[in-house]
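The values are calculated or read from the model by the stated rules, or taken from the named source; none is laboratory data. This structure is a prediction, so every number in the text was calculated from the model and none was measured. Note that we place each Cβ from the backbone using ideal geometry, even for glycine, and neighbour counts take in every protein chain shown. All accessible areas refer to the heavy atoms of the entire protein, side chains included, with ligands and DNA or RNA removed. Shrake-Rupley method; radii C 1.70, N 1.55, O 1.52, S 1.80 Å.
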There are 2 protein chains.
Amino acid sequence: MYRTNTCGELRMTHVSKEVTLAGWVQTIRKFGAITFVDLRDRYGVTQLLFGEELTKQLDENALGREFVLQATGKVSERSSKNTNIPTGDIELNVQSYQVLNRSAVPPFTIQDDTDGGDDVRMRYRFLDLRRNAVKKNLELRYAVNRAARNYLHAQGFMDIETPFLIKSTPEGARDFVVPSRMNPGQFYALPQSPQTFKQLLMVSGYDRYYQVVKCFRDEDLRADRQPEFTQIDCEMAFVEQEDILSMFEGMVKSIFKEVKNIDYSERVPRMTWEDAMWKYGNDKPDIRFDMSLCNLKKPGSVYTNKKDQNALISDAGFKVFDEAETVIAIAVPGCSEYTRKQTDEITEWVKRPQIGMKGLVFIKCNADGTYKSSVDKFYNEDRLKSIALATGAKAGDLVFILAGAEERTRKATSELRLEMAERLGFRNPTEFKLLWVLDFPLFEYDEEGNRWVARHHPFTSPKPDQISTMIDNNPSIENASEYLSHPYAGIKANAYDMVLNGNEIGGGSIRIYQRELQEKMFAALGMDKEEQLHKFGFLLGAFEYGAPPHGGIAFGFDRLCAILGGSESIRDFIAFPKNNAGRDVMLDAPSTIDGKQFDELQIKLNLK
Amino acid sequence: MYRTNTCGELRMTHVSKEVTLAGWVQTIRKFGAITFVDLRDRYGVTQLLFGEELTKQLDENALGREFVLQATGKVSERSSKNTNIPTGDIELNVQSYQVLNRSAVPPFTIQDDTDGGDDVRMRYRFLDLRRNAVKKNLELRYAVNRAARNYLHAQGFMDIETPFLIKSTPEGARDFVVPSRMNPGQFYALPQSPQTFKQLLMVSGYDRYYQVVKCFRDEDLRADRQPEFTQIDCEMAFVEQEDILSMFEGMVKSIFKEVKNIDYSERVPRMTWEDAMWKYGNDKPDIRFDMSLCNLKKPGSVYTNKKDQNALISDAGFKVFDEAETVIAIAVPGCSEYTRKQTDEITEWVKRPQIGMKGLVFIKCNADGTYKSSVDKFYNEDRLKSIALATGAKAGDLVFILAGAEERTRKATSELRLEMAERLGFRNPTEFKLLWVLDFPLFEYDEEGNRWVARHHPFTSPKPDQISTMIDNNPSIENASEYLSHPYAGIKANAYDMVLNGNEIGGGSIRIYQRELQEKMFAALGMDKEEQLHKFGFLLGAFEYGAPPHGGIAFGFDRLCAILGGSESIRDFIAFPKNNAGRDVMLDAPSTIDGKQFDELQIKLNLK
């Protein structure tokens, strides 16, 4: 061992002990004839004092930043203590030292507020990982991993490894594939998730399974997506939705306690998908703050159980509202005194192509009880007041109203709500609010193919009382324009998402476990019998030999860590992430392979 | 929840409680008007009693083996108890039941001694996994996983995930590669191990790293190899060999304690590679029994520090020994009374092509103190006695002597030693003997390329006092026939293997951490500068920024579990293994992919 202690360990109780430390040179400060060096390792920083003799040696062979140094000496009390670090009471009076390895000058400073840009830090990720900010993230990641495992173990779950070289069954996302040398012309696929395997394990009787496991999706990478990512993957047999909700609510609370020392004791609220969309325009609402949507107008074909408040805005001759499918308002707290410049800026913001609205109507609810609006021409103060009250606005608030096509307007209002919350500091990264979103639609309509696609995945069960709706009806859509009136459009999934601070951190469902229903599902998705058997014959087969009722959930581990760490970026919580082109710039991967590899795999390039 | 209790849980204390169980029908026995059903789940088996009324119902809708059943009733004391199972005192007096799912007749019985052959069990692996024998293996695997993690956590190790989509740098084994759609013409590789990443983590200052991680090698599969396998992968910084040995000796002992309740308190013995080869003909000797090799004759070029006992056999006019490079004997306990038929059979055994010897000489050390040999013509009884004594044979033992070329003869003797031990029951699967094998040669000679190859891997450091031998000498081999006299031939690696019962369960080394030495190593393996930079530029670069001394080890997790489970086959300890052609016969993978996938990846087949 090159050391007797770590650089984070020494205290006053160690004074006059002889110790050896090893670590990296953080800083070098020369004061006349003596030299101070801050030595850093994973555990902390300790000040080394080099006396006159050794300082002379240092003058001949200068140390540099990030040199690897081993130093032996006596621990002594510092004359001027540093209360900012745990080792600040002492220093090491160096008697001898050895440079274990030299370092070139690093391309950026190894500090929390580094001068290195993203590119150079990724290229030299091994140096970036030395920074305390990054180390804290990986430590948090390990703590979450450990807390999840401990909870699941205590609950009788078993970690069972599922294979990585599996069969390509692209449904939705693209598979990464792996040519098989031993089976020329054939390919393995890397798993998008262990979904079918964990279901087989339920058929096999392992009624509580978990894995912290890498998954792979060959998708065009939007910001903050990675081609390989990690899931906490879980499945249980002989359970209903309620059992899963309470089990995994428990897991996340246990992680909060272990990792953040937060007692999250209140029951996690539950919201149907329909309510979430109605109240927040979003299936993963951030409920740290209110600003819920006031649905002034909506088309008859959607949210058929909900009532809009069209009377508040109709018959005013305001064509924008009259001609819009949907009109939605939100009340933004404390912003009634926004200047023209500010409201203009927000109007521009909603007109950006990513949001896509044509304009923004506002009502200022002034502190003196008066109302002032951008549509005063059409609505008198009484009507403005009624609208404002409907949104829940109080004196001092600012009401924003968006109007347009249903889907776009709802989404835009949700985006505006989040944007205003961000600006107003309502999205506090140290506050955590969990939410279950339930009762998703089982199917989504795919316009292009005039067919159904599974909203969650093809293994999700409908609600028990809707199984017969699914079995008894023909899935094909005769009249594309009236797809909403097809019986399948109303089927709800026995599925649930866990939402944390406006991010989906986990999602799952009760699964289909009857062959007939599973075949009907595949058929609804446009798979004929042959394709079903080719892709999922093993699963259909398994359902013939006593498959139990079962369900599960998978948590996005990278995302969960990022949110707990108060960050929006999962990359910061992955030791060796890839960039948006799927490249590892440190390794320079992917890269070319050699002719022998092509020969052995019996493939060749076919570049366009 | 479909149950209130599991099938392994109910005891006398539960009598007269109302409970609901759910599980699989193991057996159905009808006795007149009543029916007994054994219901099985992951936790055990409970007897269900169906009274007259329910038995009538059963007559109408017969249950079958492996049906999934939910039954509610009162727990009652059995009239005739079954002491073989923990629930044998009670039974469930069924009041109502529900068939949750039916089952076709399984293709083999779900029992320890199943009637299913290997092929059908692999095809229906989801049923095979229901068998208690397989379940016990997966439970043991999980227990080992958990014990290893707990130990490493307590020792301050951090689980840090390394990437799966990396760069192809084939050295030795072949990489599996993954075409990149986003970077046409380029490929990722799947990691053969996280070797370079864990070294980078040491450079980054994470001085204790571990991972239980999948690794991939595209090799022709010998029996009991898998294309994907799991390692317990570990690395430490600021350590020397001694630190690693004691840390991981501790880990394995902790696994023994946690998983098998074995107190393995004695220090694990250590043996140099040279001694292992000299005494056992094998670099992973099984030391549960002795039968060590008696080196009667060896060529001068190898084991130059060891002395053979050629005087015992020379000058007898026995050409087989005189002309052989190597002559080795072992004493097999208690076999002096082997018949001619038995010795003939063993002679045939050593002549099999896998062993490849031309014949076998034996000396019977009779109980009466006389000696009888197959070479009486050449050696009188005194000489036979001397040879026998040299082997350590006692009265009643049988000495076998093999002669031939050095490498083959040594290997054959080792094989014969293991074979005889197997036949004599010396390889007791419930006895565990650990061993460290140290000081491997750093290089092996590759005849075909007349070059050096790394015995462990290219990142292994030579012994500290031999670094200069490596730096100061030119690696190229002028004279192929005298490669043994090249300075590199004598360099020992700072490497270690952990051996358990004759199996290598873990191996590792102290690593090179100096760029100059690493470049010299790559050069010795025949890599020019350009290739070095293309393949390992990131690592060479990292060594310029303060790489600390470091080393590590990786355990073959599948193998470790198999040995602890008393089995020779790793397949039994993998939930979804592949067969010897690398196929998953349950999934039918690998398989063809569709034209769209080829198009998107811009590759095509080039079948021979």
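Per-structure values
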read-out	value
Selection from region B:468-489 of residues that are modelled with pLDDT of 90 or more and under 32 Å from the mean Cα position of the chain (by Cα)	B:Tyr488, B:Ala489
Test: residue in region B:452-465 that is modelled with pLDDT under 95, open to solvent by less than 10 Å² (accessible area, probe 1.4 Å) and either out of contact with any helix residue (DSSP H, G or I) (no Cβ under 6 Å at 6 or more places or on another chain) or in a strand (DSSP E or B) (or both)	yes
Within region B:124-139, tally of residues that are within 8 Å of chain A (Cβ to nearest Cβ) and either surrounded by fewer than 20 Cβ atoms within 10 Å (Cβ to Cβ) or of a type in the set (Val, Ile, Thr) (or both)	2
Residue under evaluation B:Met236, criteria (1) more than 30 Å from B:Phe576 (Cα to Cα); (2) at the interface with another protein chain (Cβ under 9 Å from one of its Cβ atoms); (3) open to solvent by less than 10 Å² (accessible area, probe 1.4 Å), criterion not met	(2)
Some residue of region A:407-416 being more than 20 Å from A:Ala276 (Cβ to Cβ) and acidic (Asp, Glu)	no
Residues satisfying the stated conditions in region B:565-574, i.e. within 12 Å of chain A (Cβ to nearest Cβ) and open to solvent by 20 Å² or more (accessible area, probe 1.4 Å)	B:Ile574
Residue, modelled with the lowest pLDDT, within region B:167-182, restricted to residues that are open to solvent by less than 20 Å² (accessible area, probe 1.4 Å) and at the interface with chain A (Cβ under 9 Å from one of its Cβ atoms)	B:Ser168
Selected residue (only one of B:Asp308, B:Asp344 is open to solvent by 30 Å² or more (accessible area, probe 1.4 Å), of a type in the set (D, E, K, R), at pLDDT 95 or above and touching a Lys or Arg at 6+ places or on another chain (Cβ under 6 Å))	B:Asp308
Any hit, region B:534-545, residues being open to solvent by less than 30 Å² (accessible area, probe 1.4 Å), at the interface with chain A (Cβ under 8 Å from one of its Cβ atoms), at pLDDT 95 or above and closer than 20 Å to B:Glu139 by Cα	no
Residue in region B:386-409 that is buried (at least 20 other Cβ atoms within 10 Å of the Cβ) and within 26 Å of the chain's Cα centre (by Cα) present	yes
Qualifying residue in region A:508-523 (condition: open to solvent by less than 40 Å² (accessible area, probe 1.4 Å) and within 24 Å of A:Lys411 (Cα to Cα))	yes
Total residues in region B:1-25, condition within 14 Å of chain A (Cβ to nearest Cβ) and under 14 Å from B:Leu92 (Cβ atoms)	13
Subset tally (residues that are closer than 16 Å to A:Glu161 by Cβ and facing chain A (nearest Cβ under 7 Å)) for region B:575-595	5
Residue count for region A:313-336, restricted to those that are without any contact (Cβ under 8 Å) to a residue 40 or more places away in the chain, assigned to a loop (DSSP other than H, G, I, E, B) and surrounded by 11 or more Cβ atoms within 10 Å (Cβ to Cβ)	1
Matching option when the condition is among the aromatic types (Phe, Trp, Tyr), within 11 Å of chain A (Cβ to nearest Cβ) and surrounded by fewer than 21 Cβ atoms within 10 Å (Cβ to Cβ), among B:Tyr206, B:Tyr142	B:Tyr142
Any hit, region A:72-79, residues being surrounded by 14 or more Cβ atoms within 10 Å (Cβ to Cβ), of a type in the set (Ser, Thr, Tyr) and over 30 Å from A:Gly566 (Cβ atoms)	yes
Check on A:Tyr151, aromatic (Phe, Trp, Tyr), within 22 Å of the chain's Cα centre (by Cα) and away from every other protein chain (no Cβ under 11 Å)	yes
Residue selected from region B:327-369 under the condition more than 30 Å from the chain's Cα centre (by Cα) and β-branched (Val, Ile, Thr), by the criterion farthest from B:Gly281 (Cα to Cα)	B:Thr339
Number of positions in region B:265-278 that are surrounded by fewer than 19 Cβ atoms within 10 Å (Cβ to Cβ) and out of contact with any strand residue (DSSP E or B) (no Cβ under 7 Å at 6 or more places or on another chain)	4
Qualifying residue in region B:476-488 (condition: closer than 27 Å to B:Cys561 by Cβ and open to solvent by less than 20 Å² (accessible area, probe 1.4 Å))	no
Strands (runs of 3 or more DSSP E) lying entirely in region A:1-78 (those with 3 or more residues that are touching a residue at least 24 places away in the same chain (Cβ under 8 Å) and aliphatic (A, V, I, L, M))	A:18-31, A:44-50, A:68-77
Residue, most open to solvent (accessible area, probe 1.4 Å), within region B:154-166, restricted to residues that are of a type outside the set (Phe, Trp, Tyr) and facing chain A (nearest Cβ under 7 Å)	B:Glu161
Filter pass, A:Glu407 being part of a helix (DSSP H, G or I) and within 20 Å of A:Cys294 (Cβ to Cβ)	yes
Scan of region B:189-203 for residues that are out of contact with any Ser or Thr (no Cβ under 6 Å at 6 or more places or on another chain) and open to solvent by less than 10 Å² (accessible area, probe 1.4 Å), ordered by number	B:Leu190, B:Pro191, B:Lys198, B:Gln199, B:Leu200, B:Leu201, B:Met202, B:Val203
Subset of region B:113-146 that is of a type in the set (Val, Ile, Thr) and part of a helix (DSSP H, G or I) - its residue that is farthest from B:Lys578 (Cα to Cα)	B:Val144
A:Ala367 farther than 19 Å from A:Ser292 by Cβ, small (Gly, Ala, Ser) and either in contact with a Gly (Cβ under 9 Å, 6 or more places away or on another chain) or surrounded by 15 or more Cβ atoms within 10 Å (Cβ to Cβ) (or both)	yes
Selection status of B:Ser414, in contact with a helix residue (DSSP H, G or I) (Cβ under 7 Å, 6 or more places away or on another chain) and crowded, with 20+ Cβ neighbours inside 10 Å	yes
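Per-residue answers, yes or no, for (1) under 30 Å from B:Ser254 (Cα atoms); (2) among the charged types (D, E, K, R); (3) not in a helix (DSSP H, G or I):
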residue	(1), (2), (3)
B:Leu389	no, no, no
B:Gly396	no, no, yes
B:Ile401	no, no, yes
B:Glu415	no, yes, no
B:Glu419	no, yes, no
B:Gly425	yes, no, yes
B:Glu431	yes, yes, yes
B:Leu435	yes, no, yes
